[in-house]
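The values are calculated or read from the model by the stated rules, or taken from the named source; none is laboratory data. Just so it is clear, the model here is predicted, and its values are computed rather than measured. No Cβ is skipped: glycine too gets one built from the backbone with ideal geometry, and neighbour counts run over all protein chains shown. For the accessible areas, the whole protein counts, side chains as well, though only heavy atoms, and no ligand, DNA or RNA atoms are used. Shrake-Rupley method; radii C 1.70, N 1.55, O 1.52, S 1.80 Å.
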Amino acid sequence: MRKLNTTKTTLFAGHILFWLFNYWLIAFATKLNWNGFTYDSGSFQYAYLYGLFFNALLFYLQIFWLFPKIYIQDKKRMFYVVSIFIILLVSLTEAYFDYLLLNFYGVNDQPIDANFNTNTIVHILYSIAGFYYILKFEYKKSEKLNQALLEENYKTELKYLKAQLNPHFLFNGINSVYHLIGKNDTLAKETLHQFSDLLRYQLYESNTHILLEKELDFVMKYIKIEKTRRGSDIQLNYDIKSGNSKLKIAPLLLIPFIENAFKHCSNHIDSNANIIRIKIEEAERKIHLNVVNSYDESIYENRIGGIGLVNVKKRLSLLYPDKHQLDIKKNKCNHIVNLYISL
């Protein structure tokens, strides 16, 4: 509220200063003689004082009455008729004031219609200026409103997508721990503890853009949990590094691709054929994620994808609409993901 009041006060003060500067510039600084009024006699200063009042009157009539009450109500024909009528009425009134002032200064040879014609031209210009001022103002206000609504829609959709991602991640994590129970209960407990840390991060620390190194630490912990679960069944290689500790990123954008690699990695009898390679590096404010996993072609169809991948594609389009490139493909043996994000 205070900011709004400050803006209005600043705008009001700006208008007052404009009219004062206008009057000083024309009435005193330029030493003009106009329509029988002279600078040296002082008549011009008086004439321009009430002339400027009529100019301001027409300007603000456009802003506060003619535009909002008539033009914007789709009564454009009435708007033009009323505007022309008011301009002519004000011009005639000012011409009469000119006539009285000229007589007061003993100038009787100035025809009143000349003043009327000149005043009409000036008043038309100020009316047009008022019209375009309020038109531009309303356009900017409409743009700000549309932008605010768009941002609110983005926030709502992102909250929905994140709410969708949380149970998805929880399901996968519980599934990871489940596979350890009975095989190695001690390791299962340790993994569950690690998973609880990850879940805490996801629930409480990833609400806005966060430090990239914190997100990468989250990814690293997740990889270690999966490494513990899969053990010697897979050949896992990962390299994660970032040189800029101040960069921030939207949270939970990288993890779905890594989850997918572990979830859909092949399960050949020969563990050397079950490959997962993960590389994340940042350079010049651009992060590159490369994930490669082997897959069983016989069971590949309709498996790669799911909620996580659909979700992250949507989040990328909302958060980095022109700042990311996602390439997902497969060759005969491997599923390959390359993601670039400019931060």
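Table for the structure above
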{"read-out": "Those residues of the stretch 74-98 which are at pLDDT 90 or above and open to solvent by 30 Å² or more (accessible area, probe 1.4 Å), in sequence order", "value": "M78, Y80, V81, V82, I84, F85, L88, L89, L92, T93, Y96, F97"}
{"read-out": "Scope the stretch 248-296; condition among the polar types (S, T, N, Q) and in a strand (DSSP E or B); matching residues", "value": "N290, N293, S294"}
{"read-out": "Top-ranked residue of the stretch 125-152 - restricted to ones that are crowded, with 16+ Cβ neighbours inside 10 Å and hydrophobic (A, V, I, L, M, F, W, C), ranked as nearest to L52 (Cα to Cα)", "value": "F131"}
{"read-out": "Boolean, F262 is touching a residue at least 60 places away in the same chain (Cβ under 8 Å) and within 38 Å of the chain's Cα centre (by Cα)", "value": "no"}
{"read-out": "Selection count, the stretch 161-211, where residues are open to solvent by 90 Å² or more (accessible area, probe 1.4 Å), at pLDDT below 70 and among the hydrophobic types (A, V, I, L, M, F, W, C)", "value": "1"}
{"read-out": "Test result for K313, among the charged types (D, E, K, R) and modelled with pLDDT under 90", "value": "yes"}
{"read-out": "One residue from Y46, Y23 being out of contact with any Gly (no Cβ under 9 Å at 6 or more places or on another chain), at pLDDT 90 or above, over 27 Å from Y133 (Cα atoms) and buried (at least 16 other Cβ atoms within 10 Å of the Cβ)", "value": "Y46"}
{"read-out": "Selection count, the stretch 71-103, where residues are more than 51 Å from the chain's Cα centre (by Cα) and touching a residue at least 60 places away in the same chain (Cβ under 8 Å)", "value": "3"}
{"read-out": "Unmet criterion (only one of (1) surrounded by 14 or more Cβ atoms within 10 Å (Cβ to Cβ); (2) assigned to a helix (DSSP H, G or I)) for Q110", "value": "(2)"}
{"read-out": "Neighbours by Cβ (under 8 Å, 6+ apart or cross-chain): first from the stretch 5-30, closer than 18 Å to I63 by Cα; second modelled with pLDDT of 90 or more and open to solvent by less than 50 Å² (accessible area, probe 1.4 Å)", "value": "W19/L52; W19/A56"}
{"read-out": "Condition met for Y99 (touching a Phe, Trp or Tyr at 6+ places or on another chain (Cβ under 9 Å), among the hydroxyl-bearing types (S, T, Y) and part of a helix (DSSP H, G or I))", "value": "no"}
